[in-house]
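Here is the structure we will look at.
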Amino acid sequence: MKTIEEIKAAIEAAVPGAGVEIINNPSPSAQHSLLLQRETALAVAQFLRDDAELAFDYLSNVTGVDWLDKEIVEKVKVKKTVTKTVDGVEQQVEETVDETRKRVEPGYLETVYHLYSMAKKHGPLILRLRTANRTDQVELPSFTPIWRSAEFQEREIFDLYGIVYTGHPDLRRILMWEGFKDHPMRKDYVEPDDFEYEPTAHDAVAKRAQEHQAKVAAAQNGGAA
Amino acid sequence: MITPILARQEGWNRQPEIVPDGEGELLEVAMGPHHPSTHGVFRMDVTLDGERIIKLKPVFGYLHRNHEQLGETMSYLAIMPYTDRLDYFSSLSNNWGYALAVEKLAGIQVPERAEYLRVILAELTRIQNHASSVGFLIQDMGASGTPLMYAFKEREKILDLFESLTGSRMMCNYMRFGGCRVDTTAEWLNQARKVVAGIPAFADEFEALLTTNEILMARTQGTGILRPDLAVNAGITGPLLRASGVNYDIRKVDRYGIYDRFDFKVPLGEHGDVYDRFMLRLLELRQSVRILEQALKDIPEGPIMDPKSKIRGFRPKPGEAYGRIEAPKGELGFYVISDGTGNPYRYRVRPPSFVNLTILEDMCLGQNVADVVLILGSIDIVLGEVDR
Amino acid sequence: MLGEGIIKGMLETARNFAGSYVSKERLITVQYPEEREALPENARVFPFLVYDGPEWLPGLRCVACQICEKECPPKCIYIDKSADKKPDAAGKPQNYPTRFDIDVSVCMSCQICVEVCPFDAIKMDKQFEYSTDDRFGGLLLDREKLAKSNEYYHQIHPVEANEVDTRLAEERAAAAAKAKAAAEAAAAKAAAAKAAAEKAAAETPAAAPAAEKPAAPKPPTSGGGGA
């Protein structure tokens, strides 16, 4: 199989303006991945499947990943003009000052694709697609027209993560029931308070159990009164 | 051989729709969720024109417990017993798949004896899974009891082996990152050799019982045909894919573990119908016996755990890994993202049964209602894995 | 000939049917509960707590370190650690569990508590007949129900129990030797210190006793959702 750099070069030669980026994987598995642009992803996918040498005819795994907003605190050196009294005279002096800045790196939802080739027996090639944000711009192009194996897996990600795949022929919930509102695999998902608590509850669950029981007791008292 | 995918027109990667003949009304039937042939709680919303199926939508999720999120809330070790409960027919394969992914993630080496043990247990799992899956297929066809019990008799011997080694018949929880949990004794290996030596006789008996049976042939030959190009495009793996004639076995392609040391063949089907899938499982079972014979002969002495790997406080460095194995039902993949803490940031299971269900409708279109049960049985799904 | 395959299959069933009167191997079922098969050595069902000696409470090996509670995948163990210390079987003062509950209806018999226990205090039982109509009374096992003697452990897992006993004996011997060596060293040091102290008579020897860390008691949980 070609190295990931060669594949990147091949994609950029075949699909103009593909804008592919290599995402390094520091773990010993060394499975690096290619980040695609939303606009050109379908063309790239088509190329990867149809190119005689690459021939990635088998899309094995489609995964959603939720990356929350990250607050990054960094220390920056900034040049500032400060008014100072030097030798009794007020002067404008340039000074470098340490400053802590906080910036929020916006989160996104990600889809990860693992491609193999059954004809050439090589792989994996890992592709990534990212949404613009986690709330309203969650559309990604669907790969189902290219690889049918994405059909159920994209439905599952739509169900559990809330990524909307444009071009999917039958985008419905698959594991949760129809009419369910939330996306349970998201990192900020809050479980509904409908448990039957076990007697061996721990830490966070124990706290929730207490709250739950307090609520139930309050409801009962309210009902009695 | 994979036939090149040429037809690129509209709807090329699915079976063409069946047009009702216009006489009479269409009937919508919900097969399941409580139907004995669905192997669990599984529903198929079928639209019928007479006896012919013109639409079929699988509906599942009744067993959904968000296994993946459960995994993200607990330590790497604590996920291991939960993987048993995915495909509860072949818990040892699931253990191996997960251990393989985490070993890739953390760069752990597995000692030689543990690799042999893994191969032995995975192949025993494959045998008992294939035996019971053909048993269930025949059961679904209407041969109540007898063939299934023949298969279960053999399965029971293998489950006894599992119990005496791992402590549990089905929920084995045996493999660890960098090896296996307990070592075998010489008696266990001898017992295993005895059981393995008996399996070809079972396969002969089972074939004498069924393979030339006219009723079986009439029901299964030409039923539920899956084209190889569609199978590849839809990501079908395992016996279902090979029955369509595509030579793709991850044991041969990836050579994970020590599969490059064994001499075995990959049986292939020709027609891609239910009968081919039935026969292919029996042939694969015989190949597994070949692997087992070699592994049980060559198994070396030595440690079964990598001394550097630890049970508690396992924290791999940030990164990600996708590990896959050839489970009895197809490609079982585990995708793990670590952020350096004790829990995985993302833990994903790529279940073979779930992906294989994609083409259930395509295989059923134009067939009779009674064949749906057969076709579903030939996919060999386990709902614990489909719904997760 | 049409029907040949069916006849061949029928012959196979007939052979097995007739054979079951002749060979015992073909009869593989057992009439449970009248007949029972012996469980293999490694069989595991639910955990129990091992105690040494005749009395269960003072003999418990568990020191309430709560590792199993943390590692348990379905979180079926609940432990309250004692505030005081009592001497264990080896005579060393240790904490003990004031409450040790296992909800066996939640337990999934994975054996991870056994693997992570550094004191060989929790082991797997082979008792599996727990069926009851009392969900919380019958299936929530407290420490008294969980405590089983080391002899019982030897009875159900003979090989493993012997290994554990040898290892524990070695560890205790090593610990005793170390303690003895430490005591001797301390005595020598004390003698030296005494000599030094006598030399510089103004100084007072500062003997800071190891501050015992008080265990924070957990908030009690009120009963289950079934209440």
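The values are calculated or read from the model by the stated rules, or taken from the named source; none is laboratory data. The structure displayed is predicted, hence computed values, not measured ones. With ideal geometry, Cβ positions are generated from the backbone for all residues, glycine too; neighbour counts draw on all protein chains shown. What goes into the accessible areas is simple: the full protein's heavy atoms, side chains included, and nothing from ligands, DNA or RNA. Shrake-Rupley method; radii C 1.70, N 1.55, O 1.52, S 1.80 Å.
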Subject >> Probe 1.4 Å, accessible area per residue of chain A, Å² >> reply: 51 Å²
**OP:** Could you work out which residue, out of B:184, B:212, B:146, moves most in a Gaussian network model of chain B, that is, has the largest mean-square fluctuation with Cα springs under 10 Å?
**Re:** B:212
Original post:
With labels modelled as points extended 7 Å from the Cα through the Cβ direction, what inter-label distance (nm, one decimal) is found for residue A:172 paired with residue C:134?
Top reply: 4.8 nm
Original post:
If the chain between residue A:207 and residue A:180 were fully stretched, how many nm would it gain, using 0.36 nm times the residue separation less the Cα-Cα distance?
Top reply: 7.1 nm
Original post:
Cβ under 11 Å from residue B:173's Cβ, residue B:173 left aside: what net charge do those residues give with Lys, Arg +1 and Asp, Glu -1?
Top reply: +2
Original post:
P(r) of segment A:79-120 in 10 Å steps, Cα pairs, percent per bin?
Top reply: 19, 19, 15, 13, 12, 11, 7, 4, 1
Original post:
For chain B, the longest stretch holding no GluC sites (Glu not before Pro) located in a DSSP loop with at most 12 other Cβ atoms within 10 Å is which?
Top reply: B:52-269
**OP:** Starting from the Kirkwood radius over alpha-carbon pairs of chain A, derive D by Stokes-Einstein at 25 °C in a medium of 0.890 mPa s and give it in µm² s⁻¹.
**Re:** 112 µm²/s
Original post:
Seen from all sides and averaged, what is the projected area of the convex hull of the Cα atoms in segment B:255-388, in nm²?
Top reply: 11.4 nm²
Subject >> Within chain B, helix-based [θ] at 222 nm, where runs of 4 or more DSSP H residues each add -39,500 (n - 2.57), nearest 500 >> reply: -14500 deg cm²/dmol
Original post:
Out of residues 5 or more away from residue A:58 or on other chains, whose amide H comes under 5 Å of its own, with H placed 1.01 Å from N in the peptide plane?
Top reply: A:116, A:118
Subject >> Solvent-accessible area buried by pairing B with C, both sides, nearest 100 square angstrom, 1.4 angstrom probe >> reply: 2400 Å²
**OP:** Report the residue, chosen from C:43, C:186, C:173, that carries the largest GNM mean-square fluctuation when chain C is represented by alpha-carbon nodes joined by springs under 10 Å.
**Re:** C:186
**OP:** Find the Cα radius of gyration of chain C, compare it with 2.2 N^0.38 Å by division, and give the number to two decimals.
**Re:** 1.62
Original post:
What GluC sites (Glu not before Pro) in segment C:80-156 are in a loop by DSSP, with at most 10 other Cβ atoms within 10 Å of the Cβ?
Top reply: C:129
Original post:
Once you put a point 7 Å from the Cα of residue B:182 and another 7 Å from the Cα of residue C:11, both along the Cβ direction, what distance in nm separates them?
Top reply: 4.5 nm
Original post:
Between B:377, B:179, B:145, which gets the highest mean-square fluctuation from a Gaussian network model of chain B, Cα cutoff 10 Å?
Top reply: B:145
**OP:** Take the Cα atoms of segment B:1-132, build their convex hull, and give its volume per residue in Å³.
**Re:** 223 Å³
**OP:** Scan chain A and report its longest stretch carrying no chymotrypsin sites (Phe, Trp or Tyr not before Pro) that are both in a DSSP loop and have at most 16 other Cβ atoms within 10 Å.
**Re:** A:1-176
**OP:** Would you please name the trypsin sites (Lys or Arg not before Pro) within segment A:153-192 that are DSSP coil residues with at most 12 other C-beta atoms within 10 Å of their C-beta?
**Re:** A:172, A:181
Subject >> With eigenvalues of the C-alpha gyration tensor scaled by 5 and rooted, chain B, Å >> reply: 36, 25, 19
Original post:
Over segment A:43-129, what percent of the accessible surface lies on carbon and sulfur atoms, probe 1.4 Å?
Top reply: 47 percent
**OP:** Could you list the residues of segment B:325-348 with an amide nitrogen less than 20 Å from a label point located 7 Å from the Cα of residue B:308 in the Cα-to-C-beta direction?
**Re:** B:338-342
**OP:** May I ask you to compute the full-extension gain from residue A:13 to residue A:46, defined as 0.36 nm times their residue separation minus their alpha-carbon distance, rounded to one decimal in nm?
**Re:** 10.5 nm
Original post:
Taking Cα atoms, how many degrees apart are the long axis of helix B:91-106 and the longest axis of chain B, rounded to 10 and kept between 0 and 90?
Top reply: 60 degrees
Subject >> Viscosity 1.002 mPa s, temperature 20 °C, Stokes-Einstein D of segment B:89-164 from Kirkwood C-alpha radius, µm²/s >> reply: 155 µm²/s
Subject >> Whole-percent carbon and sulfur share, accessible surface of chain C, 1.4 Å >> reply: 60 percent
**OP:** Report, in debye and to the nearest 20, how large the dipole of the protein assembly as shown comes out about its Cα centre when Lys and Arg carry +1 and Asp and Glu carry -1 on their Cβ.
**Re:** 2120 debye
Original post:
Of A:122, A:149, A:54, which is farthest on the positive side of the dipole of segment A:43-188, counting Cα position, with +1 on Lys and Arg Cβ, -1 on Asp and Glu Cβ, and the Cα centre as origin?
Top reply: A:122
**OP:** Collect residues whose amide H, placed 1.01 Å from N in the peptide plane, falls under 5 Å from the amide H of residue A:64; neighbours closer than 5 in sequence don't count.
**Re:** A:112
**OP:** Pick out, from C:127, B:230, A:160, the residue whose Cα sits farthest towards the positive end of the charge dipole of the protein assembly as shown, with +1 on the Cβ of Lys and Arg and -1 on the Cβ of Asp and Glu.
**Re:** C:127
**OP:** Multiply the residue gap between residue C:198 and residue C:170 by 0.36 nm, knock off their C-alpha separation, and tell me the result in nm, one decimal place.
**Re:** 6.0 nm
Subject >> Heavy-atom accessible area per residue - chain B, 1.4 Å, Å² >> reply: 34 Å²
Original post:
Rounded to a whole number of µm²/s, how large is the Stokes-Einstein D of the protein assembly as shown at 10 °C and 1.306 mPa s, given Rh as the Kirkwood radius over C-alpha pairs?
Top reply: 52 µm²/s
Subject >> Over segment C:106-146, volume per residue of the alpha carbon convex hull, in Å³ >> reply: 86 Å³
**OP:** Scan around residue B:350 for amide H atoms under 5 Å from its own, H built in the peptide plane at 1.01 Å from N, and keep only partners 5 or more places away or cross-chain.
**Re:** B:333, B:334, B:335
Subject >> B versus A: buried accessible surface, summed, Å² (probe 1.4 Å, to nearest 100) >> reply: 4200 Å²
